[in-house]
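All remarks here apply to the structure that follows.
What follows is calculated from the coordinates using simple rules that are stated; it is not laboratory data. Predicted, not measured: the structure shown is a model, and the values here were computed from it. Note that we place each Cβ from the backbone using ideal geometry, even for glycine, and neighbour counts take in every protein chain shown.
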Amino acid sequence: MTIESGVPEREHSITLEPVDRANNIERSLNCSFGEPSEGHLSASLEHRSAGDSSTPESTPEDNGDLKDRMRTNLFAGASSKTQLRLARCRKAITLDFRNVYYRVPIRQPPPPRNSFEQYIWRPMRGILPASLTERTYGTVELLHGISGVVRPGEFCAILGGSGAGKTTLLNALAGRSAVPISEGSILFNGQPRTHATRRLIGYVMQDDVFFSNLTVGQTLQFTADIRLPRSMSAQEKRERVDEVLRFLNLSKAKDTIIGDQQFHKGISGGERKRTNIAETLLTNPSLLLLDEPTSGLDSTTALAVVRLLKDLAIAEGRTVIATIHQPSSIMWAEFDKVLLLSEGSVVYFGPAKDTASYFEKQGFRLPYGYNPADYFLDLLVSSLESGGRMTEERWATVPDQVRWETRRLFGELDRYPKPSEYPIENDYNFTTSMVLRAAWKLNEAEMLIRERDMYEERVREYSTVARAADASKREIEQAGNEPVQVRSSETLRDALQTLQSRLPALGGRSGRVEAAPKESDHLVIKLDSAIDELVEDDTEELEEIERHKYPVSWLQQFRALAIRAMHQRKGVLFTWTTLVQCVIISVLVMLIWINSPNNADGIHQRFGLAFFSGIFWAFFSLFNSITSFPSERAVLAKDRSSGSYMLSAYFLAKTSVESPLELIYPYLYILIVYFATDLQRTARAFFLFVILLSLLTLVAQSMGYWISSMVMEFKQAQVIASIWMLASMLVAGFYISESQIPVWIRWIRYISFVYYGYIGLVMNEFEGTTYACVQDSSIAKSYPSCSLSPPQPITPQEVYQAYSVNTVFGIGGSIGMLIMFLVVLRFFAYMTLKYVQAVRK
Ligand SMILES: Nc1ncnc2c1ncn2[C@@H]1O[C@H](COP(=O)(O)OP(=O)(O)OP(=O)(O)O)[C@@H](O)[C@H]1O
């Protein structure tokens with residue numbers, strides 16, 4: 001709907017939330033401001049003038065301003081207009097956190113009690129999950145009663161020195177903490193977090209965690225496929241990706257791989273950061289939480305990121321909270337609210353523009369021309385770093401009440417039972433941080449009471465707006481599609497003006513208010529039927545979120561995950577070094593075994609070839625796959641904590657894509673080696689060789705999955721894999737026959753898949769064929785058939801006997817055992833990933 005307002009001081013137009021639907025407004029009001037409940041305290045309302053809003057439909061003046069900003073804005077090129085409107089916020093969220101305390105258990109390994117624990121158990125313990133080997137010794141409190149409210153349309157920056165608790169607080173707000181908060185509440189529109197709210201929260205991690213072999217476009221497409229609702233078509237999802245790419249000026253980098261810091265250079269640091277934000281924006285979150293989105297960026301790019309966040313808050317009605325390191329003064333001016341933290345306590349929370357006056361009241365005057373952020377953070381950090389007390393001059397400037405509160409909180413009050421006896425000196429070495437924390441404690445109650453009054457006033461104000469909009473709606477309906485002239489009362493005009501300035505914060509509907517340079521008490525209102533459709537879409541989308549646990553079905557998850565796994569694994573597996581390694585080994589094997597004789601003298605060589613083939617590909621595959629989960633751990637945790645997909649879809653997609661890829665090199669080896677080395681030339685033997693080697697490779701891969709799901713640390717996984725493979729190799733029967741292995745470790749072979757692979761390959765080579773004896777050969781003489789007169793061909797049974805091959809299983813049995821290992825090991829890997837690693841949902 002378009003409203004043309006006759007307010008003379010406003011000569012530009014802006015896009016706002018709908019005023020055509022009273023019920024939507026009511027709903028928005030409910031979700032933005034809720035019903036004032038008992039004890040519900042809120043932060044101050046900052047009335048932003050309508051002209052401040054960077055909104056999609058801006059006038060030339062606004063555009064001029066916008067262009068100025070865009071000059072330094074690396075996101076220029078994005079017509080924020082269309083993109084912002086298309087990626088509109090679905091529901092306004094007010095985040096209200098009260099008295100949040102967060103404590104974590106202190107975990108420490110128990111001290112060794114004897115030499116076994118000291119020299120054997122301790123080094124081995126590293127490979128087990130910490131939860132099994134560490135004990136809890138009490139708790140440590142990281143957040144001490146943090147309160148605040150951030151509303152739709154506001155951009156709140158969390159600031160503090162290193163270790164102040166910024167990330168801890170952000171994680172707690174996002175529901176991503178390792179343990180739940182100990183006390184207090186975190187409410188979304190007055191309600192605890194639900195499944196549906198979780199999907200409306202976008203969390204941008206400090207580390208840009210991606211699959212390095214995917215391009216920016218592929219990465220975003222994956223996110224779109226998996227996290228956008230099932231009601232959207234593939235085409236719509238592609239369009240959303242292109243929109244976000246354009247919006248963040250990433251179109252140029254669409255086909256560039258993300259890369260990593262060490263081996264493959266990919267996109268730049270700024271592009272990485274924007275890709276990170278883009279991934280979150282794709283899902284159109286209503287509440288955006290960002291952990292240090294500007295870290296590692298140059299000042300221009302960092303400012304551009306901050307302005308983007310501000311635009312997302314104002315123009316889209318999103319609630320944006322970000323931890324920011326070292327903001328410049330220009331950046332400071334962009335913050336609506338700031339939350340200053342020191343040692344896990346609030347030092348200030350409120351409008352950024354009021355910070356200086358608040359600090360001044362506490363005796364800390366912002367020096368002229370100083371960057372506010374630098375000054376406030378210096379006050380907190382320098383006092384901590386030096387550990388020094390406040391100077392006497394500064395202490396003297398602190399109000400009496402605050403000095404008293406500091407003593408009450410951090411000093412020994414017993415020494416001075418009466419306030420009149422308190423010495424004026426800073427006798428406890430109080431630091432600036434202590435004084436400011438005490439000042440805030442004093443101030444907090446007072447501030448919150450004041451803000452509750454403002455909140456109630458605000459609710460009343462919006463009720464007026466809602467009634468006004470309802471009245472307008474009725475007039476519009478009576479007038480059909482024609483522009484309507486509404487002679488408004490003073491109240492209506494004021495209400496609409498307020499609405500105009502605050503509507504973007506009410507939750508994702510669109511309408512337009514245009515200034516008309518004429519009579520001040522006339523409003524011209526037009527209906528825009530397209531807006532109605534958008535509203536319907538939103539409702540459906542929200543209902544869908546409530547209905548389904550995951551945005552898309554299991555099959556859709558599987559498909560998207562399989563495509564991603566394919567792109568990623570291709571890049572890891574198909575490198576020149578791996579190809580060259582495979583070819584060199586294959587050619588070497590071919591050259592060594594090319595002349596193996598087809599008689600008694602060649603028997604041992606065939607054993608060697610079968611053994612080497614099995615062991616080499618088992619090693620190759622095992623070591624390829626032990627990097628599997630550790631390298632994806634961060635991405636998996638990120639995806640799972642945003643509730644994107646089921647672990648079963650991830651595991652099955654990954655393993656089913658990687659398995660065929662893992663077989664490509666062994667097949668190349670078979671092609672080079674099999675015929676050149678004169679292995680048994682029958683179709684049956686060839687295909688059985690292919691099947692056995694494939695199974696061995698896949699079982700080794702499964703073993704690698706299991707190990708890597710268990711320990712998640714590459715080095716530890718490597719140690720376990722090496723021990724396992726070397727033990728398997730030793731007991732398989734090639735180096736030493738079964739009867740020579742001590743009885744008490746003989747059983748190991750039965751739990752070693754290498755053993756079954758080796759038996760299968762050997763029997764496949766000798767089954768159905770005989771070998772001629774060689775005259776004067778010492779090897780041949782060891783076979784009974786060669787001692788006969790005339791010598792008889794050596795039978796497979798004689799060979800098995802000579803090499804102590806256990807024929808109980810046979811080729812079929814070996815294949816069966818390998819299949820069993822395949823299934824069991826994969827099942828173990830999945831269960832370990834699900835339960836032992838406790839990858840968070
Ligand atoms: N699980 C934990 N156990 C014990 N202490 C912890 C734990 N997690 C965080 N801390 C401590 O809590 C404090 C706050 O950590 P946090 O990561 O929130 O700081 P921050 O303000 O984000 O710092 P930075 O800006 O350096 O990232 C730090 O001193 C940190 O060592």
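Computed from backbone phi, the HN-Hα couplings of segment 146-161 come to 8, 10, x, 9, 10, 9, x, x, 10, 10, 10, 9, 9, 10, x, x Hz, rounded to whole numbers (Karplus: 6.51 cos²θ - 1.76 cosθ + 1.60, θ = phi - 60°; Gly and Pro given as x).
Under the shape rule built on the C-alpha gyration tensor, where the axes satisfy a ≥ b ≥ c, segment 207-309 is oblate, since a/c reaches at least 1.5 while a/b does not exceed b/c.
Rounded to 0.05, the FRET efficiency of the Thr682 and Ile819 pair, given R0 = 22 Å and the Cβ-Cβ distance, is 0.45. Fully extending the segment from Ser739 to Ser233 would add 175.6 nm, taking 0.36 nm per residue of separation and subtracting the current Cα-Cα distance. A simple count of charges around Tyr203, restricted to other residues whose Cβ falls under 9 Å of its Cβ and scoring Lys, Arg +1 and Asp, Glu -1, yields +1. With a simple spin-label model that places each label point 7 Å from the Cα along the Cα-to-Cβ direction, the separation between Val587 and Gln605 comes to 2.1 nm.
If you plug the beta carbon distance of Arg113 and Arg408 into 1/(1 + (r/R0)^6) with R0 = 35 Å, you get a FRET efficiency near 0.20. When the Cα positions of Thr275, Phe247, Gly138 are compared along the charge dipole of segment 134-288, Phe247 comes out farthest toward the positive end, with charges on each C-beta of Lys, Arg, Asp and Glu. The loop-placed GluC sites (Glu not before Pro) in segment 693-784, going by DSSP, include none that has at most 13 neighbouring Cβ atoms within 10 Å of its Cβ.
A simple spin-label model places the labels of Ser328 and Asp260 3.4 nm from each other, with each point 7 Å out along Cα-to-Cβ.
Net charge of the neighbourhood of Gln605, taken over other residues with C-beta under 14 Å away and scored Lys/Arg +1, Asp/Glu -1, is -2.
Counting charges near Leu409 (Lys, Arg +1; Asp, Glu -1) among other residues having Cβ under 10 Å from its Cβ returns a value of +3.
Residues whose amide H comes within less than 5 Å of that of Ile158, counting only those at least five positions distant or on another chain, are Ala322, Thr323, Ile324, Leu339 (H built at 1.01 Å from N in the peptide plane). Equivalent ellipsoid of segment 654-756: semi-axes from √(5λ) of the C-alpha gyration tensor, largest first, are 26, 23, 11 Å.
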